[in-house]
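First the structure, in the form of structure tokens, and then the observations on it.
The values are calculated or read from the model by the stated rules, or taken from the named source; none is laboratory data. The model shown is predicted, which means the values in this text are computed figures rather than measured ones. Backbone-built Cβ (ideal geometry, glycine too); neighbour counts: all protein chains shown.
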Amino acid sequence: MQINTDNIAQQCLNAINDKINNLKRLNIIVIGKSGVGKSTLINSLFRGNFADTGLGRPVTQEIRKIEKNGYPLAIYDTPGFELSYTQQESVKDEVIKLINNGYSSNDINEVIHCIWYCINVGSNRTFDSSEVEWLREFSEKNKQSKVPIIVVLTQSVPKKKALEMKAHVEQENLDVCKVVPILAQDMDFDEEYVAQAFGLDTLIDVMSEVLPTELQDTLQNIQKVSLESKKKHARAVIATAVAASFGEGFAPVPFADAFMLVPTQISMITGITVIFGLDINKTFLTAFVSSTLGSGGATFLGKTIVSNILKFIPGVGTAVGGTISGTTAGLITTALGEAYLFLMEQIFKGEISKEALSTPAGQKQMTKLFRERLSQKNNTPRF
């Protein structure tokens with residue numbers, strides 16, 4: 001029996017599209033005065049150039065909603081926040097109303113999941129008493145829904161000043177999750193010194209800690225700054241698939257066929273692809289499946305491993321055979337997952353293209369990569 005690589009690639013593509021279309025929407029309220037760098041922060045952190053899509057549509061007198069078709073993200077901006085005390089109070093009331101409406105909807109796509117309160121370190125401003133009081137009063141009204149509040153210190157240069165402001169905010173004992181200094185983009189000082197961007201990955205880590213499980217895939221899919229966070233979540237997907245494949249490998253008939261594992265492996269490939277947020281097409285998926293499962297990589301090598309082990313075990317019974325089959329299934333799935341993760345990482349970093357991998361030479365490289373992972377002889381293969 002031969003694996004239909006085209007069919008499996010199509011199943012993968014269908015599963016990827018279904019999962020993307022069913023991602024829960026992440027809703028973030030961004031509060032901050034003009035010039036704090038909200039647009040730069042949003043565009044540096046997420047795919048889609050959200051802040052370039054215009055001012056968004058008004059949802060209240062003081063709040064605008066920015067969203068883009070095909071991206072599971074909505075940003076609620078507060079453009080009037082820097083105006084009068086009366087207008088700041090209006091912003092507060094409308095934000096609380098928006099939060100409460102989402103909270104009472106019982107729909108995760110309508111709930112506000114996170115609030116960023118942005119302060120510009122580089123504008124020579126301090127965290128003044130009016131902002132302290134605003135946040136304190138807002139936190140009190142936020143107690144029912146408990147939406148996580150993150151204070152984001154934008155344009156955090158010099159770092160010494162940013163750390164001083166961070167300490168000052170923390171000393172106020174406000175009900176906030178974290179204070180995160182950030183420089184969203186490299187900053188050039190008179191062509192003599194370039195301050196390197198930093199802190200965006202920390203903000204992703206903090207959000208990952210405070211967001212519910214249902215939004216973890218969404219966050220990883222939409223964020224474009226933290227490769228380590230994507231890899232961490234992708235490895236969790238691999239671990240889940242390995243556990244499932246180990247159970248599937250337990251069959252009363254020794255040498256259980258690796259075809260049984262294909263649905264689990266499709267689910268794993270789907271999960272990793274969605275996490276990386278890359279535009280993966282059927283051509284690439286067909287090449288990958290052909291280079292691994294289709295080439296006999298999983299089926300042939302898996303059965304070879306079992307056969308080789310059994311040569312050294314006289315009188316093997318069904319239970320032992322099942323154990324070996326389960327172990328082999330786990331090994332195959334691990335190798336496939338780690339190989340695919342490595343490819344996603346290389347594409348994400350721009351070190352190789354999916355088009356190059358779809359060529360005959362690229363397929364040979366993928367087969368080599370898979371077999372190296374399977375044999376565990378090389379943990380860091382290179383092209």
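Can you tell me which residue among LYS65, LYS97 is in the same structural domain as ILE31 (by TED's automatic domain parsing), basic (Lys, Arg) and within 27 Å of the chain's Cα centre (by Cα)? Let's see the steps before the verdict.
Numbers: LYS97 fails: within 27 Å of the chain's Cα centre (by Cα).
Only one candidate qualifies: LYS65.
Would you call ASP175 touching a helix residue (DSSP H, G or I) at 6+ places or on another chain (Cβ under 7 Å), part of a helix (DSSP H, G or I) and acidic (Asp, Glu)?
no
Consider the stretch 75-112. How many of its residues are surrounded by 15 or more Cβ atoms within 10 Å (Cβ to Cβ), assigned to a helix (DSSP H, G or I) and of a type in the set (Ser, Thr, Tyr)?
Residues that pass the stated criteria total 2.
Return yes or no: is ALA298 at pLDDT below 50 and either buried (at least 18 other Cβ atoms within 10 Å of the Cβ) or closer than 27 Å to LYS230 by Cβ (or both)?
Numbers: at pLDDT below 50: yes; either buried (at least 18 other Cβ atoms within 10 Å of the Cβ) or closer than 27 Å to LYS230 by Cβ (or both): yes.
So ALA298 fits the description; yes.
So which pairs qualify, if the first residue must be in the stretch 266-289 and on the phi < 0 side of the Ramachandran plot, the second must be among the basic types (Lys, Arg) and buried (at least 22 other Cβ atoms within 10 Å of the Cβ), the Cβ gap must be under 7 Å, and the two must be at least 6 apart or on different chains?
Qualifying pairs under 7 Å: ILE275/LYS230; PHE276/LYS230.
Just to be sure before I move on: is SER129 free of Cβ contacts under 8 Å to residues at least 40 places away in the same chain and of a type in the set (Ser, Thr, Tyr) in the structure I sent? Break it down into steps so the answer makes sense when it comes.
On the way: free of Cβ contacts under 8 Å to residues at least 40 places away in the same chain: yes; of a type in the set (Ser, Thr, Tyr): yes.
So SER129 fits the description; yes.
Mind checking which pairs have a first residue in the stretch 178-198 that is free of Cβ contacts under 8 Å to residues at least 24 places away in the same chain and a second that is among the charged types (D, E, K, R), Cβ under 6 Å, 6 or more apart or different chains?
If the second residue must be among the charged types (D, E, K, R), the pairs left are VAL194/ASP186; VAL194/ASP188; GLN196/ASP186.
Can you tell me which residues in the stretch 40-90 are at pLDDT 75 or above, of a type in the set (Asp, Glu) and under 29 Å from ASP205 (Cβ atoms)?
Within the stretch 40-90, GLU67, ASP77 meet the criteria.
Counting only residues that are among the basic types (Lys, Arg), modelled with pLDDT of 80 or more and more than 20 Å from ILE29 (Cβ to Cβ), give me the helices (runs of 4 or more DSSP H) lying completely in the stretch 193-263 with at least 3 of them.
Details: elements: 200-210, 216-222, 227-249.
Here the list reads 227-249.
For THR273, work out the one condition from (1) at pLDDT below 95; (2) surrounded by 15 or more Cβ atoms within 10 Å (Cβ to Cβ); (3) assigned to a helix (DSSP H, G or I) it doesn't fulfil.
Failed condition: (1).
It is to be established whether one or more residues within the stretch 102-120 are farther than 20 Å from ALA74 by Cβ and touching a strand residue (DSSP E or B) at 6+ places or on another chain (Cβ under 7 Å).
From the stretch 102-120, those farther than 20 Å from ALA74 by Cβ are 119-120; that's our starting set.
In the following step, the residues that additionally are touching a strand residue (DSSP E or B) at 6+ places or on another chain (Cβ under 7 Å) were identified as 119-120.
For the stretch 102-120, residues farther than 20 Å from ALA74 by Cβ and touching a strand residue (DSSP E or B) at 6+ places or on another chain (Cβ under 7 Å): present.
Which residue, of LYS166, LYS143, is surrounded by 14 or more Cβ atoms within 10 Å (Cβ to Cβ) and either among the basic types (Lys, Arg) or free of Cβ contacts under 8 Å to residues at least 12 places away in the same chain (or both)? Explain how you work it out, then say what you get.
On the way: LYS143 fails: surrounded by 14 or more Cβ atoms within 10 Å (Cβ to Cβ).
Among LYS166, LYS143, only LYS166 is surrounded by 14 or more Cβ atoms within 10 Å (Cβ to Cβ) and either among the basic types (Lys, Arg) or free of Cβ contacts under 8 Å to residues at least 12 places away in the same chain (or both).
Cβ contacts < 6 Å: first residue farther than 19 Å from THR40 by Cβ and among the charged types (D, E, K, R), restricted to the stretch 57-79; second residue surrounded by fewer than 21 Cβ atoms within 10 Å (Cβ to Cβ) and modelled with pLDDT of 90 or more, any location; separation 6+ or different chain. Result?
ARG57/LYS65; GLU62/GLU94
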